[in-house]
1. N115 to N234: extension gain in nm, 0.36 nm per residue of separation minus the Cα-Cα distance?
2. Loop only by DSSP, 10 or fewer other Cβ within 10 Å of the Cβ. Give me the trypsin sites (Lys or Arg not before Pro) in the stretch 36-102 that pass, ordered by residue number.
3. Less than 12 Å from a label point 7 Å out along the Cα-to-Cβ axis of T359: which backbone N atoms in the stretch 59-102 qualify, by residue?
4. What nm distance separates the two modelled labels at S311 and N378, each placed 7 Å from Cα along Cα→Cβ?
5. For T87 and D349, what does the FRET efficiency come to when R0 = 30 Å and r is the distance between their Cβ atoms, rounded to the nearest 0.05?
6. First select every other residue whose beta carbon is under 9 angstrom from the beta carbon of S174; then total the charges, Lys and Arg +1, Asp and Glu -1.
7. Roughly how many nanometres apart are two label points built 7 Å out from the Cα toward the Cβ at R177 and S292?
8. Between M24 and N37, 0.36 nm times their residue separation minus their Cα-Cα distance comes to what?
Amino acid sequence: MFKKSKFSGIDFHDKSISFATIKMDRGIPVIQDVGRNEMKEDIITGGRVSQNGLLTTTLRNILSEGRLAKNVHLAIPTQNILVRKITSLPDIGENELAKILQFQIGENIHLPFENPIYDFVKIGSITPIGLEKKEIESVTEEADELSLDDLAKGIEQHIEGPKSELLLFATSRSLSRDLADACKSSGLRPLTAEIRGLALQRLLIYVHPNWLKETEMILDVSEHSIDIHIFQKNWLVFSRMMSVNQNDYFFAEDSRMDGDRLKLDEEILQQVESRMEIAAASDEDLYRSEDSYLNKIVLEIERAQNFFRYSMNERESEFKRIIVTGNNANQVFGPLKRRMETERLVRMDYSSILAHNFTDKDLLDSCSVAIGLAIRANQK
């Protein structure tokens, strides 16, 4: 009975995996274990699992150590998903919208995947100014009885009529299958796969239930990339990964990192006259590199905000808060908070769902997505 109440989440990155295991205690998730494994090679390249043997062996070892539950939920990497708001379809029921989407995907709606999986949710309706109520009722009533072809033709006829506001989610069927197969080969039982932003939303429902109710951003920072998710009134409306490789900023071509200090190469050391000069040069280079790294993160935040405001017609929207998480959260949160004084930057407090003997608190932000996945529990 105890084992059946435990569930795990696995978050896949190009060169690492993060995982978390929770136990459901009277309907409340309690974090039992979290971890992060670095890989020697990229396990995902070109939208496919490229190192299936390495991934399978790693998962099997973690399972044999008792750190993973058999039942797992998986995250699809953000660079392999698409979230799009669509407002061009008529205001009809979801069953009819599903038929129209089936017709339009590949024709008018193009997805960046050869073999896509997609789903959608209707979040509202948009009524043009001046449209009479009787006209709206007529469009809706007709839609319930139309065939797929009739619905497709009717789009043009009702082009000025009321519109559905829906969110379309899509990903690669091939990658999803690769990840599931690796888990099955290692002895795990994958239950679901989902978008990383939705896993973080689920986590916040438990640790900060009043967040994400307005326009808010989650900034998930790792060594090689930044995931930015924008929520509006609890709906995920924007999700994108930007490559920002920390190593490009903190490692010079002729230098290497030793501990937490930037240490110059031996050839350069011989040219420096004193240890004081070495320390000063190291500090100056490190400061410049860190400054450039933070500038890049701030730039990506501003780009995402501007895209949301101007490309998604949300010019009046103000961001309530920016939630910082991810493997590099400890490193960037303080400097970002000082730099972005007009924004409210916050971090998650996991204390309400931690087991009493939990010790790896420094890994919580690194495994936040995996925790949100594990909280799905027995959902299939």
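Derivation of every value follows stated rules applied to the coordinates shown; laboratory data play no part. The model shown is predicted, which means the values in this text are computed figures rather than measured ones. Glycine gets a Cβ as well: all are built from the backbone with ideal geometry, and neighbour counts include every protein chain shown.
1. 39.9 nm
2. Filter output for the stretch 36-102: K40.
3. The answer is none.
4. 4.2 nm
5. It comes to 0.25.
6. +1
7. In this crude label model, R177 to S292 measures out at 4.3 nm.
8. Here the segment from M24 to N37 would lengthen by 2.2 nm.
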